[in-house]
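Everything below concerns the one structure shown next.
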Amino acid sequence: MTLAIRPATRADLPLIAEFIRDLAEYERLSHEVRFDEAKLGENLFGPRPYAEVVIGEIDGTPQGFALFFHNFSTFEGRPGLYLEDLFVRPEARGSGLGKALLAHLAQLCVTRDCARLEWWVLDWNAPSIGFYKSLGAKMMDEWTVMRVDGEALKMLAGV
């Protein structure tokens, strides 16, 4: 079995969209998926990409992906990487692909002089939490995620 991680290209857009939908189904959030594939492609591969994607392959077959972007730590005075989505198809779990994707992102962090690699995980997702802890990740229990979206975002923006 051969594992490989490669940068995604615009030609991978249908695959990325499929992975996002599969992840949403796994996370019981399919009802939250609203993206337009063309707009997603523009945001990932257009003149100003907002995020990067790597594809994880097993024996040349795409079996997972990671979508990530830079954030910034004012306390560190350095950038970090934020992992928005990590997904490995169920039949490929246990192959080491998830760990390989995270290791690839860790290597990018080191190469790009990033202070940290961060992501969120759903509270109920015990298998993923256990996996992440086994890699040395720690829970940030003292932080609460805040979000403004939809109509509340428009109201805050005054539009």
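What follows draws every value from the coordinates through simple rules; no lab data is involved. Quantities reported herein were computed from a predicted structural model and do not represent experimental measurements. No Cβ is skipped: glycine too gets one built from the backbone with ideal geometry, and neighbour counts run over all protein chains shown.
In deg cm²/dmol, rounded to 500, what helix-only [θ] at 222 nm does the chain give when every DSSP H run of at least 4 residues adds -39500 (n - 2.57) and the total is split over its residues?
Mean residue ellipticity, 222 nm, calculated: -10500 deg cm²/dmol.
Loop-only chymotrypsin sites (Phe, Trp or Tyr not before Pro) in region 94-125, please: DSSP not H, G, I, E or B, and at most 14 other Cβ atoms within 10 Å.
Counting only loop positions with at most 14 other Cβ atoms within 10 Å, the chymotrypsin sites (Phe, Trp or Tyr not before Pro) in region 94-125 are TRP120, TRP124.
Considering only ASN43, ASN71, ASN125, the Gaussian network model of the chain with Cα springs below 10 Å gives its largest mean-square fluctuation to ASN125. Relative contact order for region 9-81: 19 percent, from Cα pairs under 8 Å spaced at least 6 residues apart, divided by residue count.
Most simply put, region 64-159 has about 75% antiparallel DSSP beta bridges, counting only bridges with both residues inside it.
Separation of region 87-112 and region 1-51, taken as the distance between their Cα centroids, equals 16 angstrom.
Here the spin labels are modelled as points 7 Å beyond Cα on the Cα-Cβ line, and at ALA126 and GLU151 they lie 3.8 nm apart.
Over region 68-159, what is the relative contact order in percent, taking alpha-carbon pairs closer than 8 angstrom and at least six residues apart?
Averaging sequence separation for qualifying contacts and normalising by length gives 24 percent for region 68-159.
Applied to region 69-81, the Karplus parametrisation 6.51 cos²θ - 1.76 cosθ + 1.60 on θ = phi - 60° returns per-residue 3J(HN,Hα) values of 7, 7, 10, 9, 9, 5, 5, 7, x, 9, x, x, 10 Hz, with x for Gly and Pro. Candidate membrane-span-like segments in the chain, meaning DSSP H helices with Cα atoms spread over at least 15 Å of their own axis and a Kyte-Doolittle mean of -1.0 or above, are 13-26, 97-111, with no membrane implied.
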